[in-house]
Amino acid sequence: MELTKTLDLTDTELKVDGNEAPGTFTGYASKFNSTDLVGDTFAPGAWTKALEDAGTIPIFFNHDSLSVPLGKYTKIEQNARGLKVEGQLILDIPKAQDIYAAMKAGVVSGMSVGFTLDEGGYEKKEEGGILIKEVKALREISICTFPCETKARIVSVKSERVESMKTIRDAETVLRDSGFSKSQSLGFLSRLKVIIAEELRRESDLKAKAESADALKRLNSLI
């Protein structure tokens, strides 16, 4: 399962210090024990495994991973509060210059982590959402424009999870594990069942009309 989680500047504690090297910034890309808009929470220590093999983590803008990276994170560490990062934008890239200026002005307002989870890395919470206990891999950390719109959004669900579904309960489990609350999952599935029923009814009506027309044609051929 792949997810992104975004924090607002007030949570990231993003700092762009002009006394430091140009293009550098620090802040929190993730906070522990903080519940997001869909009810998900990072448990303390959740990034331990991911940081073991993290390698060089690129800086993107709004998760545009198809574009050239705008820089890299020179330091990523997990402390009691969350995932603290230090980044270096490449100011030879015009877009990086623009984003750096916007960060200093407080116009660009968020940081977001892109990561993957294994099934054993999280557990569902009774009140909805999931408790993330162990992140499998950290893919990238983006600087984001609109954290309120992207505070917690699903990027994709592994295809094998979808293909393994056999019942409505299986579908609900996949939705819940992907970050939807119980009410959201049930609402989506209820609407989906109505749509499928209407589609089957239309197909049945069309089939009945076709069979009637065919029977009438055969009858006329006998007269």
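Bear in mind that the values in this text are calculations on the coordinates, not laboratory data. These figures come from a predicted structure and were not determined experimentally. All Cβ positions, glycine included, derive from the backbone under ideal geometry; neighbour counts span all protein chains shown.
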Next item on the list: Starting from the Cα of THR48, step 7 Å along the direction of its Cβ; do the same at ASP205; then give the gap between the two resulting points in nm.
Entry: 6.0
Note to self: Sort 193-204, 73-84 by packing, meaning the average of other beta carbons within 10 Å per residue, with the highest value first.
What the structure shows: 73-84, 193-204
Margin query: Within the stretch 50-136, count lysine pairs with alpha carbon atoms under 28 angstrom apart where the residues are 8 or more positions apart or belong to different chains.
Written below: 21
Check: So for the stretch 78-129, taking the charge dipole from beta-carbon charges (+1 Lys/Arg, -1 Asp/Glu), which of PHE115, ALA102, GLY128 sits furthest toward the positive end?
Finding: ALA102
